[in-house]
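K.L.:
Starting off with a structure, shown below.
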Amino acid sequence: MLGDWRQADGALYVRLAIALRSALAHGDIAPGILLPPERTLAQTLRVSRTTVVGAYRALREEGWLDSRQGSGHVVRHPRHDIPEPYVNSEAVKAMSRNPMMRPLAAPLSGNVDFSVSRQASIGPLLRKVTTAQAAALYDLPAESGYHRLGLPILRDAVARYVKDISGLPTRPEEILITSGSQQAIWLIGQLYAPHGERVVLENPSYPGAIDAFRMINAHLEPLPVEPTGFVLDRLEALLKTVRPRLVLLSPTCHAPTGVVMPYEQRVTLAELIDDHQVTTIDDQTMLDLMVGSERPVSLAELSPTAPILSIGSLSKLLWPGLRIGWIRAPQSIIEHLSRLKAVVDMGSSPIVQLIAAGLLEHADNVRKQRHREITRSLDLLCDSMERLLPDWSWRRPAGGLSFWACLPSGTATEFAQVALLHGVTVVAGSALTSDGSCDDHVRLQFVQDIESITLGVRRLAQAWRAYTSQRPTKR
């Protein structure tokens, strides 16, 4: 939430006060929220307690904080003559943990950022496709432009694409085009769990899914994902006891662990879904980025009677800026979901959809390029980790974009701050969970250029040495 707060000028407490003030002014920290105690924040940021005390004092003098002995530091608005609007403070706090929601501050000079992947640009391909589609683009304004189900040409292209990558026969009528997989998750949540129902969500998970379900006040039930796979015994227990309305799983190249659910587990999972008739989202967003293995069977293939909805996206294969995703479901469900989508945005941009349809014609070539990038980056990262961080534990992912590493000691939240001081950004595992667990893991988005990976791991090793030397030894 504070970003790279040390970039500002002045004493350290002044810089911290500037970052806190910015978060307060922009609503990232809402009125009524209790700030961490001085000692806790100091330990997390790896600064002295005096620094935090000075920052809090500056904000208190400006009217941003109300500090009381025994009650802590409560955020307030400095203009007392303006009524404070109601803010869902729990939602604000929850979203602030999402790495994608952090301030887009200018990065530190020379900083290696493992919080985002940096795949090769599709710029040349985009130019080629838009040039070829010039006439079709000019013709679009001749009609209304409202397609709540999606542009027909793109629904056709996505239906073929889904069959190609998943083996699941799909008709265009079974496809709803969405603004990325994020909107797909939110729409399904709105349809199936709009009144605080229980939702089973893998843990760790995609932070956007956590936020989407929290926005509809769903009660999240975490399903552990271990290096060896999903804990289906836990899922079976949840299905029998809490009777969730919805389940979300990413069985192929699960983010962030990279785990691929084996065939035997998929059969068991499909049987559980069918037996309990619990609507399940099969997140296939990373399916196209699985490297060097045969395509795993889709859950819907294993049990045609199980209520399984599949979602996907072009963000990982092509470019996140396209904001094109989809839901594959029975036609009747697609109709219901499309009406919800119409309330939100009246349909995705037809211009972007037309371009996406053209880009999908080149999916095979782009997929090969992405696989080469993934393999090259993973080979280099694994070699560097083995040499420079031999006491960390990890498993090579089967593909995707995330590398999930376990620290031998300490907490990832603390270590991420130390790493930032050494010029490398990582995401603490707890930011990717619904319950704050996994704080012994860090996530690295590993698709980077060679120099960034080499330098980044070297800096991680330096940060780890500094962190372990500062931690008290156990007696």
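The values are calculated or read from the model by the stated rules, or taken from the named source; none is laboratory data. Since the structure is predicted, the reported quantities are computational estimates derived from the model, not experimental observations. Glycine also receives a Cβ, built like all others from the backbone with ideal geometry; neighbour counts cover every protein chain displayed. Ligands, DNA and RNA are stripped out before the accessible areas are found, and what is left, the full protein with its side chains, is counted by its heavy atoms. Shrake-Rupley method; radii C 1.70, N 1.55, O 1.52, S 1.80 Å.
K.L.:
How large a share of the accessible area of the chain, in percent, is made up of carbon and sulfur atoms when the probe is 1.4 Å and the other protein chains stay in place? Can you show the working numbers first?
P.N.:
On the way: 11450 of 21770 Å².
The nonpolar share, carbon plus sulfur, comes to 53 percent.
K.L.:
With +1 on the Cβ of every Lys and Arg and -1 on the Cβ of every Asp and Glu, and nothing else charged, how large is the dipole of the chain about its Cα centre, in debye rounded to the nearest 20?
P.N.:
1200
K.L.:
Could you pull the accessible area for D139 with a 1.4 Å probe, rounded to 10 Å²?
P.N.:
Spelled out: D139, probe radius 1.4 Å, area about 100 Å².
K.L.:
List the GluC sites (Glu not before Pro) within region 284-374 that fall in a DSSP loop (any state other than H, G, I, E or B) and whose Cβ has at most 15 other Cβ atoms within 10 Å.
P.N.:
Answer by residue number: E294, E361.
K.L.:
Work out the length of the dipole vector of region 225-343 about its Cα centre, built from +1 on the beta-carbon of each Lys and Arg and -1 on the beta-carbon of each Asp and Glu, and round it to the nearest 20 debye.
P.N.:
Magnitude of the dipole: close to 580 debye.
K.L.:
So for D164, D379, what's the accessible-area order with a 1.4 Å probe, most first?
P.N.:
Ranked from most to least accessible, the order is D164, D379.
K.L.:
Another one. Can you classify region 126-180 as rounded, prolate or oblate using the Cα gyration tensor, where a ≥ b ≥ c are the square roots of its eigenvalues, rounded means a/c under 1.5, and otherwise it's prolate if a/b beats b/c and oblate if not?
P.N.:
Taking the square roots of the gyration eigenvalues as a ≥ b ≥ c, region 126-180 is oblate.
K.L.:
Please report, in debye to the nearest 20, how large the charge dipole of region 264-305 is about its Cα centre when each Lys and Arg carries +1 at its beta carbon and each Asp and Glu carries -1 there.
P.N.:
Roughly 80 debye for region 264-305.
K.L.:
Here is a further query. Between rounded, prolate and oblate, where does region 125-262 land on the alpha carbon gyration tensor, with a ≥ b ≥ c its root eigenvalues, rounded for a/c under 1.5, else prolate if a/b exceeds b/c?
P.N.:
Because a/c hits 1.5 or more and a/b exceeds b/c, region 125-262 counts as prolate.
K.L.:
Ordering T50, T411, T257 by accessible area with a probe of 1.4 Å, largest first, what comes out?
P.N.:
Numbers: T50 105, T411 45, T257 15 Å².
Descending order: T50, T411, T257.
K.L.:
Could you tell me whether region 384-445 comes out rounded, prolate or oblate from its Cα gyration tensor? Rule is a ≥ b ≥ c as square roots of the eigenvalues, rounded for a/c under 1.5, then prolate if a/b exceeds b/c, otherwise oblate.
P.N.:
Judged from the Cα gyration tensor, region 384-445 comes out rounded (a/c under 1.5).
K.L.:
Go through A19, A218, S115 and say which Cα lies farthest out towards the positive end of the charge dipole of the chain; charges sit on Cβ, +1 for Lys and Arg, -1 for Asp and Glu.
P.N.:
The listed residue farthest towards the positive side: A19.
K.L.:
Further question on the same structure: Which one of L151, S349, S67 has its Cα pushed farthest toward the positive end of the charge dipole of the chain, where Lys and Arg give +1 and Asp and Glu give -1 at the Cβ?
P.N.:
Selected residue: S67.
K.L.:
Give me the accessible area of L354, 1.4 Å probe, in Å² rounded to the nearest 10.
P.N.:
Counting only protein heavy atoms, the figure is 10 Å².
K.L.:
Would you mind working out the accessible area per residue for the chain, using a 1.4 Å probe, and quoting it in Å²?
P.N.:
Values: 21770 Å² over 475 residues.
Spelled out: the 1.4 Å probe surface of the chain, per residue, equals 46 Å².
K.L.:
Using a 1.4 Å probe on the protein heavy atoms only, what accessible surface does H195 show? Give it in Å² to the nearest 10.
P.N.:
Accessible area of H195: about 150 Å².
K.L.:
Turning to a different aspect of this structure: Helix-only mean residue ellipticity at 222 nm, the chain, DSSP H runs n ≥ 4 weighted -39,500 (n - 2.57), per residue, nearest 500. What is it?
P.N.:
Details: 17 runs with 207 residues, N = 475.
Helix-only estimate at 222 nm: -13500 deg cm²/dmol.
K.L.:
Which pairs, out of K163/K368; K240/K341; K240/K316; K128/K341, put more than 24 Å between their alpha-carbon atoms?
P.N.:
K240/K341; K240/K316; K128/K341
K.L.:
Normalising by the residue count of region 200-333, find the relative contact order in percent from Cα pairs under 8 Å and 6+ residues apart. It would help to have the intermediate numbers written out before the result.
P.N.:
Working: 194 pairs, mean separation 25.8, N = 134.
The normalised contact order for region 200-333 reaches 19 percent.
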